[in-house]
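S.K.: One structure is given below, represented as structure tokens, and several questions about it will come after.
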Amino acid sequence: MTAEAARAALTEAARAALCDAYRTLGRRGLMGGSSGNVSMRHEDGMLISPSGITPERIEPGHLVATGFDAPAPGASSEWALHAALYRADPARGAVVHTHADACTALACLNEPLPAFHYMVAGFGGDDVRCAPYATFGTAALAETAVAAMRNRTACLLANHGMVAAGPTLEAAMAAALDLEMLAGQYLLARSAGQPRLLSPAQMGAARKRFRTYGANAPA
């Protein structure tokens, strides 16, 4: 196989994986209509979903190859958000942004997801921050998200939704799905009373355990 054929095969596989991820977000209820976008670092830029397409309709040819300095025609309106997150951390290989119900509800309260459950530690800290509100699709929104995701794998976006990232598409998807589950559980707990939060020491112990847990365990 020539180098050109190998690159083409990798691009085809990446496009198929992103379409599968987009459809999964729809099936799991994290993406209503076309209110979300996914991307994957690819070559010198990224592949990103377009604006205005539903999970049921997306096909590999709809995905847009673009750089980090300016969006290619057809790229998602949230291109700047994805590009800024990749520029801020070279280890990020994929980004997922949705308006998932529970995450968006909590974001509309302008509150972080606190240490109500040890799994919050899996996002890198004692909470999942909520970035201040900024107009969608703007550089200002991208900047607030980068700050909120410093040393984190996800954040809430005030009055907007959520964003998650990871070294791989699988990791970014797992972070997005876990965040929506935890946000729903936190809101459910709040409806019954005031959740007891874990201490910094307890969260630190949880983060230490996560380093050797399951797929994260060293070989």
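The numbers here are math on the coordinates, done by the rules we state, and not lab data. A quick note: this is a predicted structure, and the numbers were derived from the prediction, not measured. Please note: Cβ atoms are built from the backbone with ideal geometry, for glycine as well, and neighbour counts cover all protein chains shown.
S.K.: Tell me the angle of helix 79-88 to the major Cα principal axis of the chain, expressed in degrees between 0 and 90 and rounded to the nearest ten.
M.R.: Helix 79-88 sits roughly 70 degrees off the main axis of the chain.
S.K.: Take every Cα pair under 8 Å in the chain that's 6+ residues apart, average their separations, divide by the length, and report that relative contact order as a whole percent.
M.R.: Values: 408 pairs, mean separation 41.0, N = 219.
19 percent.
S.K.: Over all distinct alpha-carbon pairs, what is the Kirkwood Rh of segment 3-216 in angstrom? Could the numbers behind the result be given before it?
M.R.: Values: mean 1/r = 0.0575 Å⁻¹.
Evaluated on segment 3-216, it is 17.4 Å.
S.K.: Work out how much length Thr24 to Glu12 would gain on full extension: take 0.36 nm times their residue separation and subtract the Cα-Cα distance, in nm to one decimal.
M.R.: On the way: separation 12, 0.36 × 12 = 4.32 nm, distance 1.84 nm.
Answer, rounded to one decimal: 2.5 nm.
S.K.: Something else: Note down the nm distance, to one decimal, between modelled labels 7 Å out along Cα→Cβ at Ala88 and at Phe136.
M.R.: 2.0 nm
S.K.: Work out the length of the dipole vector of the chain about its Cα centre, built from +1 on the beta-carbon of each Lys and Arg and -1 on the beta-carbon of each Asp and Glu, and round it to the nearest 20 debye. Mind dumping the intermediate values first?
M.R.: Working: 18 positive and 18 negative charges, 140 e Å.
Its charge dipole is roughly 680 debye.
S.K.: To continue, here is another question. Tell me the angle of helix 3-27 to the major Cα principal axis of the chain, expressed in degrees between 0 and 90 and rounded to the nearest ten.
M.R.: Rounded to the nearest ten degrees, it is 40.
S.K.: If you fit an axis through the alpha-carbon atoms of helix 139-148 and take the longest principal axis of the Cα set of the chain, what angle between them do you get, 0 to 90°, nearest 10?
M.R.: Approximately 50 degrees, to the nearest ten.
S.K.: R0 = 25 Å: FRET efficiency of Arg211 with Ala147, Cβ-based, nearest 0.05? Could the numbers behind the result be given before it?
M.R.: Numbers: r = 25 Å, r/R0 = 0.99.
Approximately 0.50, to the nearest 0.05.
S.K.: In addition: What order, most packed first, do the peptides 171-179, 87-95, 55-63 have when packing is the mean number of other Cβ atoms within 10 Å of each residue?
M.R.: On the way: 171-179: 22.7, 87-95: 17.9, 55-63: 15.6.
Highest-to-lowest ranking by the protection proxy: 171-179, 87-95, 55-63.
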